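What follows is a set of notes on a single structure, which appears directly below.
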Amino acid sequence: MPSKSPYNSGLLWRSGIRYHFRRPWLYVLSVVGIALGVAVVVSIDLANSSAEKAFRMSAESVTGAATHQIYGAGSRLDEEVYRTLRTETGFRKSAPVVEGHASTTDPIRSFQVLGIDPLAEEPFRSFSSQQAGIELSTFMSGQITGFLSETTAEALQVAPGDTLDLTAGGNHYPMQIAGLIQPEDEYSRQALENLIIVDISTAQKLFGMDKYLSRIDLILPEDGTGLPEHITRALSESSPTQAGSATDPARLLEASLPDGVSVVRSGSRTETVAQMTRAFELNLQALSMLALLVGMFLIYNTITFTVVQRRPLIGRLRALGATRGEIQRMILGEALFIGIPGTILGMTGGILLAQFLLQYVTQTINDLYFVVSVQQVTIAPLTLIKGFFLGIGATLLASLWPAREASRAPVRIVLQRSEKDARLRRNTPVLSLIGLLFILMGIGFLFLPGETIISGYVSLLHIIIGFSLLTPLLITMMASLLRPVAGLLFGLPGKMAVRGVVTDLGRTSVATSALVIAVAAAIGVGLMVDSFRVTVDSWLESQLQADIYIQSPGFSTRGLDSGLDPELIALLRNAPGVSGSHSVQRTEIQTNQGLDRLTVVETDREAVQSYNFRERSPGLWDRFDNEPVILATESYAFNNDVSVGDTITINTDRGEHNFAIAGIYYDYSSDTGLLTMSRTVYDRFFDSKVISGLALYTDADTDIETLIPDLRERSAGIQNVIIQSNQGLREASMEIFDRTFTVTIVMRFLAVLVAFIGVLSALMALQFERSREMAVLRANGLTPGQLWGLVTGQTGVIGFMAGLLSIPLGIVMAAILVYVINLRSFGWTLQFQITPEMLIQAMLVAVTAAILAGLYPSWKITQTNPADALRDE
Amino acid sequence: MTEPHPANKPILHADNLVKTYREGEKERMVLNHLSMSVYRGDLVVLLGRSGSGKSTLLNLLSGIDHPDKGSVTIDGHNITSLGEKQRTLFRRAHIGFVFQAYNLIPTLTVLENIMLPMELNGFDEHRKSESAQKYLEEVGLPDRASSYPDQLSGGEQQRVAIARALAHKPRLILCDEPTGNLDHKTGLLVSGIFHDLVKKTGSTVIIATHDPNMHRFADHIYQFHEGTVQPADAPEKQPDA
């Protein structure tokens, strides 16, 4: 008796592969299905990583060799600090920086503008020092001149001496190109792609930062080399040096600087900013995984179908002596035959799709987080490797069960047809119980301690799997209800169409599940976006109480680039027709929680009404203008785990001060959250008088539509600002909202597309397999038209059932997205909305997909001669 | 039921086999304490009406199925005591099959179909190819090596199935209605080829059939009756080819 059974049967493998070659349409659909799933995951990953890489590269290139950076208490630093540092403290390895963003109009492209002192640059950045070829006479001519990288100049088709029309802080500036920087390598080429280097005084002019700096870069060796004498002395007296301790050079230097000025490690701010997009990226990744999950159903469906169809063949192979292991490996090998080309195609498609998605991802990051300009997709090998293993892994995972099923069934049973369907019908109660168990586990995950976003998605996955396992039972129940109705409406063919769904339950339930999940995902994401939209709309309505809003054009909602001209503010406040106003300043501050956003507001009767509090302390508004108190948004409280009564330590121009949180209010403008402080309190602790936005109230008899052009005319020549009516600002805000969700909508569409392909292949396979049964019906007198009606009817019934089943699952998914995932990602409370249009749309998608899927097989079957189909093999 | 054989030890011995199937709420005993022995080189024909248990017995003798009671011993190996995988490995090494519905693998060519059992048994490429070619010639289809099963007639397909069953030289060949799907003339041709081949190779054969053409070649004939077998009158045996 042979003792070994090596799997080296090329014939088994050849037999399996030829099976797929004989059904090329099914094979192609399966490959496309997995390719789409992989493409979506890879593209999202590439778009995210490209944006992040571009941000980090540009941050690293402008940080250069700096080990530390000095920041002011607000978003700007008095330039006097630099002068003191160089002349009085004697710290030479320091360089002043003024940063901001500007754009060119033709072509429209945003740039990071780096204002530097070329004399101080050499130890820091090779590209912006005199060594790099910056000539002081042209660079510091008093005119607006700047340097670009050579490749950027080529892209913009400009040369030294040419003039670029630059817009910064709402004003236009003609900038003469003083010279070009030649990148040393590919990394510098990419890093410098979106950078304009100007003299520090030019940058101060562009961003309205006269006498202020963004930061000072430092090289602060830990051994104390090159440090001012008093610091070196302090260091030698106490060792060893410990970062963060009083003997850390950075802390010693900080102690010698004015109150509110801090010394931080370079890169720490970059890290803080880069992490803002974490939740946004995670959610996109999770959505992309949903498409892969639907793709997995497709693979499962295909492999199950091939196994079911080949049960007699597998029986023969088993009878001839093929072991279970050999059959299992044969099926898994075939799955790889689908999975490998699907994955490779998916990775290629993913790179292409990433080019398309990149603009939306970048736009959202710019709208919500920080300014980043990404010109091209960076193909990260890690992403491709991840995509490859995800695709192959998903294929193998989806094929494990059918492969096991094929190999486990005893040979005697395998030789019988439709045994699987009969067994599935028998096992339906058990499957349903397991399904319920999965759903309960899914609910259980929601209550796990820690409340992480991951457990939210794990819960969602369990509920999806549980619902899929319940699908056969639900289909059977629905079929028994629908059968008499279909009989009444369409006679015997109607009854047959409904009954056929149950007879072929093994295949129809998988196809239906795939469609249910995809349509439910569409409903879930759709309802979540709708709920979000309604919430933001009503929030904007209560938030925007004034009639007219004025702000300087920014590059991000963080809008930190420039303030409004004081002359313009006075002019607008006193314009005829204006009855009242309040100002807003958006800035960044250093708190004990890190780098936070602060909104400084002038409060008046109307402004007070615009806040909708989740929690507030008594007498809030009385304290707000007089005491060191602040308000926090709901997402700030969530992200930093603070509540009313807690204290936030803020680094002010008067040193560190504690501010009590007096209220937590609903706000949807930032997912990282923000703090709000009264202008009167702010002025007591900070020196900056900048105002970045103005809200105007008009007299009762003033026509806003007439007043706005009048105000625009008055502001012309002083500063280019955006003046919008209440309605205009709301519309613009909703436009940003819709733009933010574009990627989500694209993801939703792709998930439905994958499901559509799944249903198409499953139903086509099913109908082709039934061609003999159809031939019997033809032989018994059913006309081609009646047969067409029967096939299309059955796929239509599947679509109808899938549509109905997707509604409860979709609503549950939406509820988890709204109440759990959004809350845990961003800390936002949303008003849950179920819009009937979304549900009707979902039903239509399901039925249309299913009917379309039935069209080709029904046409094909009606074209076939019944005699051919009836003939034995 | 055993019949002593003067010169030989039995190659196959079925002892007290019981097999029951569940049909709805009822249980039906298909094999009822059946015993039989088959000797090396014998051609045994099993007769019985549909559902009498012929195919069930073949399934038990080949190790495809497991009896509720009793044992099957082939060449000293009690296959009922083996695990599923060991039974499969035993089957592919020592048993050849010919089915009523041919059961060729539609996605393999004629030559590949014949090579399959040899490949599963780990024969080297040269031996597989040589043996497959030889048997293809023996069944009279040397020019159909690269055809697919659906390009052959029923009789041709069954001849390929016979070649497949014999090519790896199994100890025992089991046939379930091998001529059941063929017309009278083709049945005659196929059964003639089959008989000549088994005699040439000295194979031991058990055939479940209704075909009187097969009766003529039988060394022993057993009749199924109420779940067991009894010797039937053997027709006058044809002289060996």
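A few comments on the model shown:
- Complete set of residues in segment A:598-618 that are touching a strand residue (DSSP E or B) at 6+ places or on another chain (Cβ under 9 Å) and more than 21 Å from A:Asn726 (Cβ to Cβ): A:Leu598, A:Val600, A:Phe613, A:Arg614, A:Glu615, A:Arg616, A:Ser617
- On inspection, A:Ile464 passes the criterion of being under 30 Å from A:Ser825 (Cβ atoms) and assigned to a helix (DSSP H, G or I).
- From the options A:Ile299, A:Ile340, A:Ile331, A:Ile344, residue that is more than 11 Å from chain B (Cβ to nearest Cβ) and either modelled with pLDDT under 75 or over 43 Å from the mean Cα position of the chain (by Cα) (or both): A:Ile299
- Any hit, segment B:79-101, residues being more than 14 Å from chain A (Cβ to nearest Cβ), touching a strand residue (DSSP E or B) at 6+ places or on another chain (Cβ under 7 Å) and surrounded by 17 or more Cβ atoms within 10 Å (Cβ to Cβ): yes
- Tally, over segment B:93-144, of residues that are of a type in the set (Lys, Arg) and part of a loop (DSSP other than H, G, I, E, B): 0
- Listed by position, the strands (runs of 3 or more DSSP E) enclosed by segment A:3-119 that each have at least 3 residues that are of a type in the set (A, V, I, L, M) and away from chain B (no Cβ under 14 Å) are A:94-104, A:109-116.
- Scanning segment A:602-648 for residues that are assigned to a loop (DSSP other than H, G, I, E, B) and polar (S, T, N, Q) yields a count of 6.
Residues checked against (1) assigned to a helix (DSSP H, G or I); (2) outside the structural domain of A:Gln285 (by TED's automatic domain parsing); (3) farther than 30 Å from A:Leu830 by Cβ:
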| site | (1), (2), (3) |
| --- | --- |
| A:Phe445 | yes, yes, no |
| A:Leu448 | no, yes, no |
| A:Tyr457 | yes, yes, no |
| A:Thr476 | yes, yes, yes |
| A:Pro484 | yes, yes, yes |
| A:Val516 | yes, yes, no |
| A:Val529 | yes, yes, no |
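- Counted residues, segment A:486-511 - those being crowded, with 21+ Cβ neighbours inside 10 Å and more than 12 Å from A:Gln794 (Cα to Cα): 6
- Consider segment B:115-138 and keep the residues that are of a type in the set (A, V, I, L, M, F, W, C) and more than 9 Å from chain A (Cβ to nearest Cβ). The one that is nearest to B:Val190 (Cα to Cα) is B:Leu136.
- Here A:Gly37, A:Gly146, A:Gly142 are screened, and the one residue that is over 30 Å from A:Ala518 (Cα atoms), touching a helix residue (DSSP H, G or I) at 6+ places or on another chain (Cβ under 9 Å) and buried (at least 23 other Cβ atoms within 10 Å of the Cβ) is A:Gly146.
- Annotation: A:Glu135 fulfils all but one of (1) modelled with pLDDT under 85; (2) surrounded by fewer than 18 Cβ atoms within 10 Å (Cβ to Cβ); (3) under 38 Å from the mean Cα position of the chain (by Cα); (4) acidic (Asp, Glu); the unmet one is (3).
- When A:Gly321 is tested against (1) outside any loop (DSSP other than H, G, I, E, B); (2) modelled with pLDDT of 80 or more, exactly one condition is not met: (1).
- Exactly one residue out of A:Thr647, A:Thr676 is β-branched (Val, Ile, Thr) and without any contact (Cβ under 8 Å) to a residue 40 or more places away in the chain, and it is A:Thr647.
- Helices (runs of 4 or more DSSP H) fully within segment A:172-266 counting 1 or more residues that are within 39 Å of the chain's Cα centre (by Cα) and at pLDDT 80 or above: A:200-206, A:249-255
- Hey, A:Leu358 of a type in the set (A, V, I, L, M, F, W, C), closer than 27 Å to A:Leu29 by Cβ and touching a residue at least 12 places away in the same chain (Cβ under 8 Å) or not: no
- Among the residues of segment B:40-69, the ones that are of a type in the set (D, E, K, R) and facing another protein chain (nearest Cβ under 10 Å) come to 1 in all.
The values are calculated or read from the model by the stated rules, or taken from the named source; none is laboratory data. Note that the structure is a prediction, hence the values are computed from the model and not measured. As a convention, Cβ positions derive from the backbone with ideal geometry for all residues, glycine included, and neighbour counts pool all protein chains shown.
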